[in-house]
1. Quick one: in segment 103-127, which of the residues that are among the polar types (S, T, N, Q) and in a helix (DSSP H, G or I) is modelled with the lowest pLDDT?
2. Mind checking whether some residue in segment 296-313 is out of contact with any Pro (no Cβ under 8 Å at 6 or more places or on another chain), modelled with pLDDT under 85 and open to solvent by 50 Å² or more (accessible area, probe 1.4 Å)?
3. LYS226 versus (1) at pLDDT 85 or above; (2) exposed (fewer than 13 other Cβ atoms within 10 Å of the Cβ); (3) of a type outside the set (A, V, I, L, M, F, W, C): which is the lone unmet condition?
4. Return the pair list, or none, for Cβ contacts closer than 8 Å from residues in segment 89-102 that are part of a strand (DSSP E or B) to residues that are basic (Lys, Arg) and open to solvent by 30 Å² or more (accessible area, probe 1.4 Å), at least 6 apart or on different chains.
5. Evaluate the following for MET167: is it open to solvent by less than 50 Å² (accessible area, probe 1.4 Å) and at pLDDT below 70?
6. Go through the residues of segment 19-36 one by one and say whether even a single one is of a type in the set (Val, Ile, Thr), assigned to a helix (DSSP H, G or I) and in contact (Cβ under 8 Å) with a residue 40 or more places away in the chain.
7. Only one of PHE197, PHE232 is at pLDDT 80 or above, among the aromatic types (Phe, Trp, Tyr) and surrounded by 14 or more Cβ atoms within 10 Å (Cβ to Cβ); which?
Amino acid sequence: MQILTVAIRVIQQVIKDKRTLLFLLLAPVFVLGLLYVIMGSSSDEPNIGIIDLERSLQESLEAEAHIIEFPSEEEALQAMKTQDIDAYFYMEANTPYIEIEGGDITKKSPVMQAIQSSLQTFQKERAEEMKEDFEVMQDELAIVLKNMQQQTGQSIPIDFPEVDLLMEEPEINYLYLDENADLFDQVAPALMGFFIFLFVFLIAGISFLRERTSGTLERTLATPLKRSSIVFGYFLGFFLFVTIQTVIIQIMIVDILHVDRLGSYWLLLFMNIIVATVALSLGLLLSTFARTEFQLLQFIPVAVIPQFFFSGIFDLSNAPGWVMFISKIMPLSYATDALQNVMIRGYDFSDIAKDFIVLIGFTIVFILLNMLVLKRQRAA
C-alpha cells in the first residue's frame with residue numbers, strides 16, 4: 001500500500017508538470033521522425049568528374065552516378081577542391097585512375113561502388129567484343145593458311161596466342177586523408193564538435209540553474225547591476241571552465257588518439273572554443289526556462305541531439321526543404337563544417353570565415369535573448 005501511495009504521488013506530480021508531459025510525448029516523435037527522414041534522404045548517386053573516357057565506359061558510369069566532363073585533370077581537381085564533385089576518373093592505357101576527395105565520409109563508398117560497377121560492365125562488354133573480333137580473325141586467318149597449304153603443299157602450324165582481356169587494377173588516390181583512414185578519423189571532427197557542445201551545454205545550464213535555485217541570481221537581480229553586466233559576468237565566469245574542457249577534448253582526440261589533422265592546430269582550437277561559446281550562451285539561455293535539473297535535461301533531445309544529425313555524418317543531398325531549413329538554424333551544422341574543413345581539408349581562416357561569422361551571430365542572439373529573459377524576471 002505504501003508503494004502504491006508513493007507511485008500515485010509521482011504520477012500526479014508528473015501529470016501536473018505540463019512541460020514534462022510535452023517533452024515526454026513529443027521529443028521522441030520529433031527526434032526519431034527527423035532521423036528517419038534524414039537517413040532516408042541519402043543519395044546513392046555521387047557526382048563524378050570524367051576526363052576523356054570511351055563512350056561505352058561513360059555510358060556505363062552514367063547509369064551509376066551523375067557525371068561531369070572536364071577537359072583536363074587540373075580543372076577536375078579544382079572542382080573537387082571546391083566540392084563540386086566527389087571524385088574524378090580517367091583511363092591511361094589499360095589502367096583506371098580514380099581520384100577521390102576523401103573529406104566527405106558519406107561519398108567515399110558510393111563513388112567506389114559506382115566506378116567499380118561501371119568498370120565491370122565495361123570490361124565485360126569489351127571482352128565480349130574482343131572475343132568476337134578475335135574469333136572472326138581466327139576464321140579468316142585459317143582460310144588464308146589453308147589456301148597457302150594447298151598451293152605450297154606444306155603444312156603450316158596454326159598457333160594462336162591467348163589474348164589477355166583483363167584490365168589493370170585501378171590506381172586510387174585521395175585528395176584528403178588516404179585509404180588507411182578509418183571511420184573514426186573521418187567522423188572525429190563531428191564528434192569533437194558535438195561532445196564539446198553537449199558537455200559545455202550541460203555545465204553551463206546546470207551551473208546557472210543552481211545559481212537560480214539557490215537564490216543567488218535573484219539577489220544579484222535585486223542589485224543595481226545592469227542586465228548586460230550580469231549576463232556577461234556569468235558568461236565570462238563559466239567561460240574559463242568550458243575553455244579548459246574544450247582544450248581537454250581536443251588534446252584527447254588530436255594528441256592522444258592521434259587522429260589525422262591537416263590544418264592548423266591553433267585554428268582548430270580557436271574554432272572549438274567558438275563552438276563552446278555558442279553552447280555556453282545556449283545553455284545559459286535555456287536554463288532560465290527550467291526549474292529543476294531534470295527539466296533542463298529535457299531540452300537535450302530537442303536542442304542538442306538533433307544537431308548531431310546535421311554534423312556531416314549523414315548525407316542530406318536529397319533531404320526535403322524543411323529538413324534543410326532546420327539544418328540552417330542548427331549551430332552545430334556550421335561548427336562541424338568548419339572543424340572538418342580545418343582538420344581534414346587543411347583550410348585556413350579565410351576559408352571558414354562564413355561559419356565563424358554565423359557562430360558568432362548565434363552567440364550574440366542567445367546572449368540578447370538571455371538579457372530579455374532576465375529583464376522579465378527582474379520585473380516580476
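The values are calculated or read from the model by the stated rules, or taken from the named source; none is laboratory data. Please read these numbers as outputs of a predicted model, since none were measured by experiment. Ideal geometry is used to build each Cβ from the backbone, glycine not excepted, and the neighbour counts take in all protein chains shown. Keep in mind that these areas ignore ligands, DNA and RNA; they rest on the heavy atoms of the full protein, side chains included. Shrake-Rupley method; radii C 1.70, N 1.55, O 1.52, S 1.80 Å.
1. The qualifying residue modelled with the lowest pLDDT is GLN123.
2. Yes, the conditions are met somewhere in segment 296-313.
3. Of everything listed in (1) at pLDDT 85 or above; (2) exposed (fewer than 13 other Cβ atoms within 10 Å of the Cβ); (3) of a type outside the set (A, V, I, L, M, F, W, C), LYS226 misses just condition (1).
4. Final answer for the pair search is ILE100/LYS108.
5. So MET167 fits the description; yes.
6. For segment 19-36, residues of a type in the set (Val, Ile, Thr), assigned to a helix (DSSP H, G or I) and in contact (Cβ under 8 Å) with a residue 40 or more places away in the chain: present.
7. PHE197
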